[in-house]
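Undergrad: Structure below; questions to follow.
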Ligand SMILES: Nc1nc2c(ncn2[C@@H]2O[C@H](COP(=O)(O)OP(=O)(O)O)[C@@H](O)[C@H]2O)c(=O)[nH]1
Ligand SMILES: [Mg+2]
Ligand SMILES: [Zn+2]
């Protein structure tokens with residue numbers, strides 16, 4: 001978080017959310033639940049990616065999912081078929097999840113028992129960036145059909161994340177998307193970011209993403 | 001939009017400060033600092049503030065003064081001080097490298113509450 005250069009630390013306008021996020025994080029660490037916040041524009045492929053990632057994670061880990069959606073439970077229903085425990089949060093008019101919404105689910109047995117909690121945020125590249133949930137890792141998805149200039153238009157979310165996934169890479173032959181340029185924009189904004197080009201179809205480098213995720217999960221469980 | 005949430009936090013914070021001051025004081029102005037490297041649209045924030053303030057006693061005639069802070073950073077390779085922005089693709093004009101450490105522009109802070117004795 002930002003530190004004021006003045007002698008006195010000024011009050012952060014979203015201090016309530018940030019404190020609660022910290023509380024959520026402590027809770028996750030007590031139960032050993034590695035938690036991940038997936039963020040993107042609507043339709044970039046969050047549910048599809050979570051579904052495919054679960055298929056391999058569930059072989060070795062207990063997993064649960066929190067589905068943030070403004071309305072309906074289509075995605076939650078879809079993900080329940082994977083065998084993971086899925087919790088739905090209907091955000092109503094709110095265009096993002098916040099730490100308080102997640103805090104209400106902290107004491108669910110299925111979440112406390114999980115090794116890994118995957119949180120699908122509401123589809124939006126602006127608001128979710130301002131509301132940490134207590135997650136260990138922040139993943140942003142950018143589908144190649146959205147255009148390679150999106151990191152420049154939404155710099156805040158691309159700067160404040162751990163991984164950027166370029167999704168739907170099977171469509172690269174049909175779309176004008178300069179993957180190298182997009183990768184450079186993201187890396188110029190965010191020195192520590194990792195990027196992977198993925199697809200839920202055969203092409204793409206889904207295996208590298210899974211490898212990264214499983215390594216992080218293993219390191220977390222060891223610590 | 002999340003500007004409504006931010007406007008509400010500003011009013012909540014200010015309301016508790018006004019209560020601490022006590023007496024019959026009313027709020028005239030709230031000053032906040034908002035960095036450009038934040039997802040806050042000043043018009044949306046102002047709109048949200050104006051529509052929420054009547055719900056807070058003593059804030060009926062309060063104005064919100066949001067000071068924007070331009071983003072400044074040290075570039076990653078040359079250690080040059082520059083203003084990362086859309087126009088330079090967030091890269092240093094002198095050496096072309098990306099953002100290293102951000103100096104300012106990520107503020108989202110409550111600065112001051114100006115009050116007046118009411119009756
Ligand atoms: N061709 C292609 N389509 C995809 C891929 N991933 C997702 N989609 C499609 O994109 C649409 C939106 O995906 P969804 O996972 O619901 O996105 P979300 O809104 O971010 O959760 C669906 O029709 C998916 O089938 C992909 O890797 N390749
Ligand atoms: Mg979805
Ligand atoms: Zn430089």
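The values are calculated or read from the model by the stated rules, or taken from the named source; none is laboratory data. None of the values given here were measured: they were computed from a predicted structure. Cβ placement follows ideal geometry from the backbone for every residue including glycine, while neighbour counts extend to all protein chains displayed.
Undergrad: Any chance the stretch B:82-96 includes a residue that's buried (at least 20 other Cβ atoms within 10 Å of the Cβ), within 21 Å of the chain's Cα centre (by Cα), modelled with pLDDT of 95 or more and within 14 Å of chain A (Cβ to nearest Cβ)?
TA: The answer is yes; a qualifying residue exists.
Undergrad: Among the numbered criteria (1) touching a strand residue (DSSP E or B) at 6+ places or on another chain (Cβ under 6 Å); (2) farther than 18 Å from residue B:105 by Cβ; (3) surrounded by fewer than 18 Cβ atoms within 10 Å (Cβ to Cβ); (4) within 14 Å of chain A (Cβ to nearest Cβ), which one does residue B:63 miss?
TA: In the conditions (1) touching a strand residue (DSSP E or B) at 6+ places or on another chain (Cβ under 6 Å); (2) farther than 18 Å from residue B:105 by Cβ; (3) surrounded by fewer than 18 Cβ atoms within 10 Å (Cβ to Cβ); (4) within 14 Å of chain A (Cβ to nearest Cβ), residue B:63 misses (4) alone.
Undergrad: Which members of the stretch A:139-149 meet the condition of being in contact (Cβ under 8 Å) with a residue 60 or more places away in the chain and touching a strand residue (DSSP E or B) at 6+ places or on another chain (Cβ under 7 Å)?
TA: Passing the criteria: A:139, A:140, A:141, A:142, A:143.
Undergrad: Hey, residue A:155 hits all of (1) over 12 Å from the mean Cα position of the chain (by Cα); (2) crowded, with 23+ Cβ neighbours inside 10 Å; (3) modelled with pLDDT under 95 but one; which does it fall short on?
TA: All conditions pass for residue A:155, except number (3).
This table checks each residue for (1) in a loop (DSSP other than H, G, I, E, B); (2) without any contact (Cβ under 8 Å) to a residue 60 or more places away in the chain; (3) closer than 28 Å to residue B:23 by Cβ.
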site	(1), (2), (3)
B:40	yes, no, no
B:53	no, yes, yes
B:57	yes, yes, yes
B:60	yes, yes, yes
B:66	no, yes, yes
B:79	yes, yes, no
B:91	yes, yes, no
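Undergrad: Here's a follow-up. Restricting to the stretch A:30-60, and then to whatever is surrounded by fewer than 21 Cβ atoms within 10 Å (Cβ to Cβ) and part of a loop (DSSP other than H, G, I, E, B), can you tell me which residue is farthest from ligand 2 (Cβ to nearest atom)?
TA: Only one residue fits best here, namely A:32.
Undergrad: Exactly one condition in (1) at pLDDT 95 or above; (2) away from ligand 2 (no atom under 16 Å from the Cβ); (3) more than 16 Å from the chain's Cα centre (by Cα); (4) more than 14 Å from chain B (Cβ to nearest Cβ) is not met by residue A:202; state its number.
TA: (1)
Undergrad: Under 26 Å from residue A:106 (Cβ atoms) and touching a residue at least 40 places away in the same chain (Cβ under 8 Å) - does that describe any residue in the stretch A:160-177?
TA: yes
Undergrad: From the residues in the stretch B:1-35 that are facing chain A (nearest Cβ under 10 Å), more than 14 Å from the chain's Cα centre (by Cα) and not in a loop (DSSP other than H, G, I, E, B), which one is nearest to residue B:89 (Cα to Cα)?
TA: Only one residue fits best here, namely B:12.
Undergrad: Test residue A:199 against the stated conditions and say whether it is in contact (Cβ under 8 Å) with a residue 12 or more places away in the chain, farther than 15 Å from residue A:151 by Cβ, surrounded by fewer than 17 Cβ atoms within 10 Å (Cβ to Cβ) and within 16 Å of ligand 1 (Cβ to nearest atom).
TA: Answer is no for this residue.
Undergrad: Looking at (1) within 14 Å of another protein chain (Cβ to nearest Cβ); (2) crowded, with 20+ Cβ neighbours inside 10 Å; (3) modelled with pLDDT of 95 or more, which one does residue A:19 not meet, given that it meets all the others?
TA: Status for residue A:19: all satisfied but (2).
Undergrad: Could you list all residues from the stretch A:61-84 that are farther than 22 Å from residue A:125 by Cα and crowded, with 19+ Cβ neighbours inside 10 Å?
TA: Correct list: A:63, A:64, A:79, A:84.
Undergrad: May I pose another question? Which one of the conditions (1) more than 9 Å from every other protein chain (Cβ to nearest Cβ); (2) at pLDDT below 95 does residue B:38 fail to meet, given that it meets all the rest?
TA: Residue B:38 satisfies all of (1) more than 9 Å from every other protein chain (Cβ to nearest Cβ); (2) at pLDDT below 95 except (1).
Undergrad: Within the set of pairs 6 or more residues apart or between chains, which connect a residue that is within 14 Å of another protein chain (Cβ to nearest Cβ) inside the stretch A:40-61 to a residue that is within 6 Å of ligand 1 (Cβ to nearest atom) and outside any helix (DSSP H, G or I) with Cβ atoms less than 9 Å apart?
TA: Sorted first by the residue in the stretch A:40-61, then by its partner, the pairs are A:41/A:123.
Undergrad: Just need a number here: residues in the stretch A:154-192 that are within 12 Å of chain B (Cβ to nearest Cβ) and either within 16 Å of ligand 3 (Cβ to nearest atom) or on the phi > 0 side of the Ramachandran plot (or both).
TA: Counting residues in the stretch A:154-192 that are within 12 Å of chain B (Cβ to nearest Cβ) and either within 16 Å of ligand 3 (Cβ to nearest atom) or on the phi > 0 side of the Ramachandran plot (or both) gives 5.
Undergrad: Here's another thing I want to ask about it. Sort out for me the strands (runs of 3 or more DSSP E) sitting completely within the stretch A:73-153 that have 2 or more residues that are over 20 Å from residue A:26 (Cα atoms) and more than 14 Å from chain B (Cβ to nearest Cβ).
TA: Counting at least 2 such residues, we get A:85-90, A:137-143.
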